[in-house]
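The values are calculated or read from the model by the stated rules, or taken from the named source; none is laboratory data. Since the structure is predicted, the reported quantities are computational estimates derived from the model, not experimental observations. Cβ: placed from backbone, ideal geometry, glycine included. Neighbour counts: every protein chain shown. Please note that ligands, DNA and RNA were not included when accessible areas were found on the heavy atoms of the full protein model with its side chains. Shrake-Rupley method; radii C 1.70, N 1.55, O 1.52, S 1.80 Å.
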Amino acid sequence: MTELYTEGAPIQDEKAPDGPIAERWDKRRFSAKLVNPANRRKLSVIIVGTGLAGASAAATLGEAGYNVTSFCYQDSPRRAHSIAAQGGINAAKNYRNDGDSIYRLFYDTVKGGDFRSRESNVYRLSQVSVEIIDQCVAQGVPFAREYGGLLDNRSFGGVQVSRTFYARGQTGQQLLIGAYQALERQIAAGTVTMHTRHEMLELIVVDGKARGVIVRDMVTGEVESHFADAVVLASGGYGNVFFLSTNAMGCNVTATWRAHRKGALFANPCYTQIHPTCIPVSGDYQSKLTLMSESLRNDGRIWVPKEIGDDRDPRQIPEEERDYYLERAYPSFGNLVPRDIASRAAKNVCDEGRGVGPGGLGVYLDFADAIKRMGRPAVEAKYGNLFDMYQRITGENPYETPMRIYPAVHYTMGGLWVDYDLQSNIPGLFVTGEANFSDHGANRLGASALMQGLADGYFVLPNTINDYLSAGPFEKVDEDTPEAKEAAEAVRARIDKLLSINGSRTVDSFHKELGSIMWEYCGMERTEEGLYKAIDRIRGLRDEFWRDVKVTGVNEELNQTLERAGRVADFFELAELMCIDALHRRESCGGHFRAESQTEDGEALRHDDEFAYVAAWEFTGTGESPVLHKENLEYEYVEMKQRSYK
Amino acid sequence: MNITLRVWRQKGKDDEGRMVSYQVEDVSQDMSFLEMLDVLNEKLTVAGEDPIAFDHDCREGICGACGVVINGIAHGPEVTTTCQLHMRSFKDGDTIDVEPWRAKAFPVIKDLVVDRGSLDRIIQAGGYISAPTGTAPDAHAVPVPKTDADRAFDAATCIGCGACVAACPNASGMLFTAAKVTHLGMLPQGQPERAARVVKMVNQHDEEDFGGCTNIGECAAVCPKGIPLDTISQLNKDLLGSLASGKM
């Protein structure tokens with residue numbers, strides 16, 4: 001174990017103000033240096049990624065008058081994976097008069113994150129949540145409304161109030177289209193230059209500062225260098241390390257991993273969210289998993305048969321022979337327990353042999369009672385598009401027979417370490433949205449990803465990046481700057497290497513094998529023995545990849561195999577770090593469940609005396625032991641205790 | 001089941017393309033259409049051949065990246081995105097033709113991948129509400145009648161896939177443009193720019209070499225999100241009103 005990593009100096013967030021928590025964000029906005037409007041046009045910012053966190057930041061910084069250059073790997077910024085978020089976005093508006101407040105959203109999020117997030121960050125997120133809804137409505141986001149014309153809300157897991165705003169089952173799409181339109185408006189205004197079908201392959205660091213990126217034009221293969229006074233990574237999460245996840249096929253860790261290799265600390269990589277309600281796997285050819293929104297748990301009831309091996313048609317199983325196991329074990333939250341708890345409970349009943357469907361890897365999500373109570377039209381109005389999607393994928397009609405669902409990798413709470421300003425430990429490198437680690441601790445609550453992405457992009461970053469940029473413009477750098485030259489050459493060499501191996505195995509076959517190792521040993525339940533095994537197998541597979549992968553075609557064309565090969569190569573390195581992080585954290589918390597650390601009734605058991613810290617990892621070389629830097633977490637406002645949803 | 005695919009292969013934008021036949025064996029009916037292409041691509045790669053390039057990303061029918069013409073129909077026989085089409089819609093022994101979107105405004109980049117940047121430029125021309133960050137009043141300041149909000153939402157569900165263009169005999173992008181005009185035009189927040197928006201967007205649409213709309217309706221027939229054809233009537237109404245009033 002000791003040889004797997006070494007421990008370095010502790011770190012701390014030097015930007016977070018002290019004093020009463022409700023005043024900290026005001027305090028920071030006041031202390032942050034400003035850039036006057038005339039000087040902004042002399043300053044440039046690169047933004048990688050155009051999801052909620054990237055598009056909102058690009059639009060807002062463009063509106064402020066900075067010179068923004070934006071990149072996405074898709075053919076249009078509108079396609080970033082935020083678009084697939086279904087259920088909703090939280091905000092402490094208290095429009096329901098049900099006891100909600102900024103403080104309650106803060107409290108729920110800290111507790112939901114199992115006391116592994118920063119209080120200051122989460123409080124700010126809750127404060128800003130209110131402004132996000134206003135902003136989105138002003139942009140024309142068509143949120144669901146009631147007959148009086150006011151906004152509707154629903155509930156999500158882990159909370160007892162209704163604070164989730166939604167646009168049918170397509171909230172992410174509508175929010176992203178709002179941000180995308182604001183971005184396109186700035187592109188037309190000339191403040192943002194957009195490069196679609198460009199993938200970031202390296203970070204340029206000059207004199208210790210982030211000064212640019214190396215990107216590959218995915219149509220021509222040209223390797224380009226772009227420079228700026230600051231770089232923002234809004235490149236999303238790394239759930240695709242598992243191959244099968246609810247992420248889009250192109251989601252990858254490359255942007256953040258390349259920054260990590262250049263010195264940016266990677267925090268809490270083992271914190272992975274496994275979403276409880278996804279459509280189960282149907283075969284080996286499966287390329288991705290589809291989420292069924294958590295909002296379904298508002299009205300659907302989750303159950304399995306009481307008896308092992310009861311393979312009757314679910315409609316024939318009488319009420320008394322069903323086990324509504326979440327309602328039984330967690331009477332006060334019932335089907336709306338947080339995601340980590342719902343997922344593990346599903347795994348447990350399947351491990352007992354009571355799972356349903358092919359391979360016994362599924363549980364029922366049943367709407368029969370909801371249809372009886374509300375009538376089918378009301379259920380259709382609320383969930384119609386999700387039911388249609390389910391039927392299209394499985395060929396079964398969920399109005400008539402219960403849905404089958406199973407947990408799947410959905411979100412990664414870990415990411416690059418950032419301070420209160422969202423700046424990484426590399427000056428000038430900022431990280432927003434899912435790509436950073438900051439707000440969700442060890443488990444994210446439903447409808448909080450959209451909230452964080454937009455909080456970071458619309459309101460936080462545009463009020464903190466000025467503090468850094470006020471010292472600019474920085475010394476001019478270009479293609480001939482040695483660090484930039486070196487970065488571009490490294491990228492070209494890596495591409496050449498991948499194309500020249502000409503082995504016998506496809507990129508996807510390696511990716512699938514890596515994914516199955518991760519799912520087995522670093523998925524819903526982790527053990528010391530399993531993690532050691534995983535690390536060993538990942539290293540072996542990585543070596544084999546670099547000896548035997550087959551990448552067809554050339555660089556100077558649209559080459560999707562080459563794109564995937566580069567991403568998978570980075571996933572190998574990340575996977576090893578995830579396992580090391582999971583191994584070192586000998587406690588269970590949120591989405592990180594170590595079998596060795598559980599309560600008598602099988603709940604996650606934290607060890608606050610030893611592990612109440614952020615684990616920020618420093619890269620030292622491929623296959624070399626990383627260095628662990630701890631940032632201690634202190635709780636002044638929310639008392640750390642065992643989470644209870646009973 | 002076993003399938004014969006005839007796929008459009010084109011090396012680059014300036015190269016000539018042609019249909020090439022492939023046999024795909026042991027296709028499961030639970031596979032999505034794109035997973036069937038994945039299986040074929042794995043086989044081609046192992047054989048050292050160039051796999052078929054196609055755009056795709058979320059594979060859950062919402063990002064709008066995927067889209068090919070299958071047996072002459074944009075997105076194929078079901079009214080959905082290509083990624084949500086499953087092989088249970090075909091039968092053993094079928095021959096399936098697979099082609100890219102064909103439109104002057106969507107030049108082919110490679111195989112089944114086309115450049116849809118023209119759609120982004122239509123949005124740039126005016127498909128937004130100017131509401132810079134921080135300027136918004138409280139979300140409840142202006143109630144929106146539910147029927148208007150719902151109509152705006154129905155139009156706003158457009159995923160920008162381009163199937164409407166591919167299906168149109170004129171290769172018109174009018175359904176795409178009309179969806180945005182209707183989405184923003186139904187909301188009180190969209191009113192100040194409504195008259196100018198429609199004119200600017202239609203001008204850009206024409207500049208991008210999309211064809212004119214002759215109300216054939218093929219677009220709405222293939223739209224995976226069911227954008228209604230009457231959005232085009234709404235666009236025409238707004239356009240006439242705008243031109244007549246001279247407010248643009």
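A Förster radius of 22 Å, combined with the Cβ-Cβ distance separating B:Asp138 from A:Asn97, puts the computed FRET efficiency at roughly 0.90. Subtracting the Cα-Cα distance of A:Glu639 and A:Gln12 from 0.36 nm times their residue separation leaves 223.6 nm of extension gain. From the largest down, the protein assembly as shown spans 72, 71, 64 angstrom on the principal axes of its Cα atoms. At a probe radius of 1.4 angstrom, the accessible area of the protein assembly as shown per residue rounds to 34 square angstrom.
Over the range A:442-581, the hull volume per residue, using the convex hull of the C-alpha atoms, is 189 Å³. In the range A:482-611, the portion of solvent-accessible area held by carbon and sulfur atoms comes to 45 percent [1.4 Å probe, whole percent, DNA, RNA and ligands not counted]. Under a model in which nothing but the beta-carbon of Lys, Arg (+1) and Asp, Glu (-1) is charged, the range B:49-140 shows a dipole of about 320 debye around its Cα centre. For the range A:174-242, applying the loop criterion from DSSP together with a ceiling of 14 other beta carbons within 10 Å to the GluC sites (Glu not before Pro) yields A:Glu222. Which positions within the range A:48-88 get 30 Å² or more of their accessible surface covered by the other protein chains, compared to the chain by itself, with a 1.4 angstrom probe? Residues meeting the cut-off: A:Glu63, A:Asp75, A:Arg78, A:Arg79, A:Ile83, A:Ala84. If R0 is 25 Å, the Cβ-Cβ spacing of A:Glu556 and B:Lys104 corresponds to a FRET efficiency of close to 0.45. Here the spin labels are modelled as points 7 Å beyond Cα on the Cα-Cβ line, and at A:Asp496 and A:Glu520 they lie 3.8 nm apart. As a fraction of the 1.4 Å probe accessible area of the range A:275-410, surface on carbon and sulfur atoms comes out at 49 percent.
The GluC sites (Glu not before Pro) of the range A:543-616 meeting both criteria, a DSSP state outside H, G, I, E and B (loop) and at most 13 other C-beta atoms within 10 angstrom of the site's C-beta, are A:Glu556, A:Glu596, A:Glu600. Label the range A:275-410 by shape, choosing from rounded, prolate and oblate, from the square roots a ≥ b ≥ c of the eigenvalues of the Cα gyration tensor; if a/c is under 1.5 it is rounded, and otherwise prolate applies when a/b is larger than b/c, oblate when it is not. It is rounded, given that a/c, with a ≥ b ≥ c, falls under 1.5. Kirkwood hydrodynamic radius of the range A:58-186, from the reciprocal of the average inverse Cα-Cα distance over all distinct pairs: 16.0 Å. With the dipole of the range A:482-611 worked out from charges on the C-beta (+1 for Lys and Arg, -1 for Asp and Glu) around the Cα centre, which of A:Gly591, A:Leu514, A:Asn555 lies farthest toward the positive end? Working it through, the farthest residue towards the positive pole turns out to be A:Asn555.
The angle separating the long axis of helix A:171-189 from the principal Cα axis of greatest extent in chain A is about 20 degrees.
Of the trypsin sites (Lys or Arg not before Pro) found in the range A:29-95, those in coil by DSSP whose Cβ has at most 14 other Cβ atoms within 10 Å are A:Lys33, A:Arg41, A:Lys42. Here A:Met374 and A:Asp480 are evaluated by their C-beta separation; at R0 = 60 Å the FRET efficiency comes out at 0.35. Think of each Lys and Arg Cβ as +1 and each Asp and Glu Cβ as -1; about the Cα centre, that makes the dipole of the range B:3-109 roughly 400 debye.
Taking a ≥ b ≥ c as the square roots of the Cα gyration tensor eigenvalues, chain B comes out prolate, since a/c reaches at least 1.5 and a/b is larger than b/c. If I take all pairs of Cα atoms in the range A:103-252, what percentage of them are more than 23 Å from each other? For the range A:103-252, the fraction of Cα-Cα distances above 23 Å is 59 percent. Neighbouring Cβ atoms from other chains, within 10 Å of the Cβ of residues in A:243-256, number 2 on average. In the range A:492-540, burial by the other protein chains removes 10 Å² or more of 1.4 Å probe accessible surface, compared with the chain on its own, from A:Ser504, A:Thr506, A:Asp508. For the range A:494-524, the residues whose backbone nitrogen is under 18 Å from a point 7 Å from the Cα of A:Leu361, taken along Cα to Cβ, are A:509-524. Cross-link partners for B:Lys146 among the lysines, with Cα-Cα distance under 16 Å and sequence neighbours closer than 8 places in the same chain left out: A:Lys382.
Ordering B:Pro137, B:Gly173, A:Val48 by the projection of their Cα atoms onto the charge dipole of the protein assembly as shown, which places +1 on the Cβ of Lys and Arg and -1 on the Cβ of Asp and Glu, puts B:Pro137 at the extreme positive end. In terms of packing, defined here as the mean over residues of other Cβ atoms within 10 angstrom, the peptides A:302-310, A:81-89 line up highest first as A:81-89, A:302-310. Helix A:376-394 axis versus longest C-alpha principal axis of chain A: approximately 70°, rounded to the nearest ten. When chains B and A come together, the accessible area they lose, probed at 1.4 Å and totalled over both chains, is close to 6100 Å².
Computed log10 I(q)/I(0) for the range B:3-109 at 0.10, 0.11, 0.24 Å⁻¹: -0.27, -0.32, -1.63, from the Debye equation with unit scatterers placed on every C-alpha and solvent omitted.
Farthest toward the positive end of the dipole of the range A:275-410, out of A:His410, A:Ser282, A:Gln316, is the Cα of A:His410, where the dipole comes from beta carbon charges about the Cα centre. Note on the range A:246-372: with charges restricted to the Cβ of Lys and Arg (+1) and Asp and Glu (-1), its dipole about the Cα centre is near 900 debye.
Each label was represented as a point 7 Å from its Cα along the Cα-to-Cβ direction; for A:Phe30 and A:Ala189 these points are 2.9 nm apart. List every residue whose amide H lies under 5 Å from the amide H of B:Ile96, counting only residues 5 or more places away in sequence or on a different chain, with H placed 1.01 Å from N in the peptide plane. The list, which skips near neighbours in sequence, is B:Thr4, B:Leu5, B:Arg6. Heavy-atom accessible area with a 1.4 Å probe sorts B:Cys66, B:Cys213, largest first, into B:Cys213, B:Cys66. Angle of helix A:507-522 to the longest C-alpha principal axis of chain A, folded into 0 to 90 degrees and rounded to 10: 60°.
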